[in-house]
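A.B. asks: Sharing a structure below in structure tokens format, with a few things to ask.
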Amino acid sequence: MKRVRILFLCVGLIGLWIVGSWNIASAEYPERAIEIIVPFGVGGGSDTAARAVAEGLKPLLKVPLVITNMPGGAATKGMLHVAQQPADGYTILAVTTSHLIDAVQPKTRAHILRDFDPIMRIQWDTTTVFISAESKFETLKDLLEYGKKNPRLLKFGGTSPGGWAEIQTVAFFKKLGVEVTFVPFAAGAETKAAILGGHIHGACEELAETLPLVKAGKLRAVAVIMEKRHPALPDVPCTAELGVDYTHGLMRAWAVRKGTPPDRIKYLHDVIKKALDAPVYKKFVQDNHLYARPGYLSPEDTRRYWEDEVRFFTGVLKELGYVK
């Protein structure tokens, strides 16, 4: 008799689960506010990027759109929060390259590849290789000649040791046959001050962060890491024309918890893609020099891109000794 009661209980629970899943899939969507979790503080690059997309998105939605900043744990606090919400399409994670790096050695129970379905990649940024305008080096070739003759004496700085800045710097120069020493700083301003003060040779940072000082004649860009020259720096060679097969860049994407009904993911994809054509977002792209390479990727291509990047980051972090 006890076994029969247990059997009926299990059948009942399965039935409730099926009904609940059917209700999520069949309910009109969206019928309440959609929340975007930005896992960084207010005013940073990821925050301003998310808000620019959101401004174009709001007129296209029939429900409110809420942005919640949830910094902490190198962007993993917000990721864990979204992973713990229902897979119903009402909570979106603003994904960055930090989440792909975290996937190599996760800091929390959440994993970007295992626990999330991408909606789309939205942006793909360009890294600039720059030095002081007063440097004795004039070109990337000059840097490489010095670096090859003097292993590890070429010093390049950046934030986040073990994160994007160190990975991009070390991997880029290794591709060119040079071992550099990465010098960590607490902020981008400190990195630039160290370059201008002659304490380090240079840095690899995103174009929008360095362009004002390049235009002011204080920094010199010697290369852009991308497939073609950037219109904002038409006289600066790109890695492709220098014969370097290396085009990695920071990315931003949006995703939902894995298991979200496909029709809801499609709805979000289609409406967000329309928002990327809004004047407010196009202005953001122009102001931040994101127009030179396509940011958008479909959900399927975004997942493939994520998987490729995680493999790449795994290899680099192993070489750096951060991962065994």
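A.B. asks: Quick one: helix 2-26 against the long Cα principal axis of the chain, what's the angle to the nearest 10°, folded into 0 to 90?
C.D. replies: The answer is roughly 60 degrees.
A.B. asks: Using modelled backbone amide H atoms (1.01 Å from N, in-plane), which distant-in-sequence or interchain residues come within less than 5 Å of Ile119's amide H?
C.D. replies: Trp254, Ala255, Val256
A.B. asks: Against the longest principal axis of the chain, how steep is helix 299-320, in degrees 0 to 90 to the nearest 10, with axes from Cα atoms?
C.D. replies: 50
A.B. asks: What do you get for the angle between helix 262-275 and the principal long axis of the chain? Use alpha-carbon atoms, 0 to 90 degrees, nearest ten.
C.D. replies: 40
A.B. asks: For the chain, give the magnitude of the charge dipole about the Cα centre (Cβ charges: +1 Lys/Arg, -1 Asp/Glu; no others), in debye to the nearest 20.
C.D. replies: Working: 41 positive and 34 negative charges, 167 e Å.
Around 800 debye, computed over the chain.
A.B. asks: Now a separate question. Connecting C-alpha atoms closer than 10 Å in a GNM of the chain, tell me which of Ala87, Ala232, Ala221 has the biggest fluctuation.
C.D. replies: Of Ala87, Ala232, Ala221, the most mobile in the Gaussian network model is Ala232.
A.B. asks: A further question on this structure: DSSP loop trypsin sites (Lys or Arg not before Pro) in the range 53-109 with at most 12 other Cβ atoms within 10 Å of their Cβ, which ones?
C.D. replies: Working: sites: Lys62, Lys77, Lys107, Arg109; in loops: Lys62, Lys107, Arg109.
Answer in residue order: Lys62, Arg109.
A.B. asks: List the relative contact order of the range 198-298 as a percent without decimals, with contacts defined as Cα pairs under 8 Å and 6+ residues apart. It would help to have the intermediate numbers written out before the result.
C.D. replies: On the way: 62 pairs, mean separation 18.9, N = 101.
Relative contact order here is 19 percent.
A.B. asks: Excluding residues fewer than 8 places away in the same chain, name every one of the lysines whose C-alpha is closer than 17 Å to that of Lys274.
C.D. replies: Straight-line reach from Lys274, under 17 Å: Lys58, Lys62, Lys266, Lys282, Lys283.
A.B. asks: Count charges around Val82 for me, please; just the other residues with Cβ under 11 Å from its Cβ, Lys/Arg as +1, Asp/Glu as -1.
C.D. replies: Values: positive: Lys77, Arg257, Lys258; negative: Glu35, Asp115.
Taking every Cβ under 11 Å from that of Val82, the sum is +1.
A.B. asks: At 222 nm, what value in deg cm²/dmol follows for the chain if DSSP H runs of at least 4 each add -39500 (n - 2.57) and the sum is divided by all its residues, to the nearest 500? Walk me through the intermediate numbers first.
C.D. replies: Values: 12 runs with 141 residues, N = 324.
Theoretical 222 nm ellipticity from helices: -13500 deg cm²/dmol.
A.B. asks: Separate question: Only four residue types carry charge here, +1 at the Cβ of Lys and Arg and -1 at the Cβ of Asp and Glu. Report the dipole size of the range 127-225 about the Cα centre in Debye, rounded to the nearest 20. List each step's numbers first, then the result.
C.D. replies: Values: 12 positive and 10 negative charges, 55 e Å.
Approximately 260 debye in magnitude.
A.B. asks: Follow-up. Distance between the C-alpha centers of the range 168-246 and the range 111-138? Whole Å please.
C.D. replies: 11
A.B. asks: Mind telling me which of Ala54, Ala186, Ala208 comes out most flexible in a GNM of the chain, alpha-carbon contacts under 10 Å?
C.D. replies: Ala186
A.B. asks: Just for the chain, what percent of DSSP beta bridges are antiparallel, to the closest 5? Don't jump to the answer; show the numbers that get you there.
C.D. replies: Working: 24 of 39 bridges.
Roughly 60 percent of the DSSP beta bridges within the chain come out antiparallel.
A.B. asks: Here is a follow-up. Taking H as built 1.01 Å from N, whose amide H comes closer than 5 Å to the amide H of Val222, not counting residues under 5 places away?
C.D. replies: Val129, Phe130, Ile131
A.B. asks: In straight Cα distance, which lysines are under 18 Å from Lys174, not counting same-chain residues fewer than 8 positions off?
C.D. replies: Correct list for Lys174: Lys141, Lys148, Lys149, Lys155, Lys318.
A.B. asks: In whole percent, what relative contact order does the chain give with Cα contacts below 8 Å and a gap of six or more residues? Don't jump to the answer; show the numbers that get you there.
C.D. replies: On the way: 552 pairs, mean separation 81.9, N = 324.
Reported as a whole number, the value is 25 percent.
Read-outs throughout are calculated quantities, based only on the coordinates presented, and are distinct from any laboratory measurement. On a predicted model such as this, the values are computed, not experimentally measured, just so you know. Backbone-built Cβ (ideal geometry, glycine too); neighbour counts: all protein chains shown.
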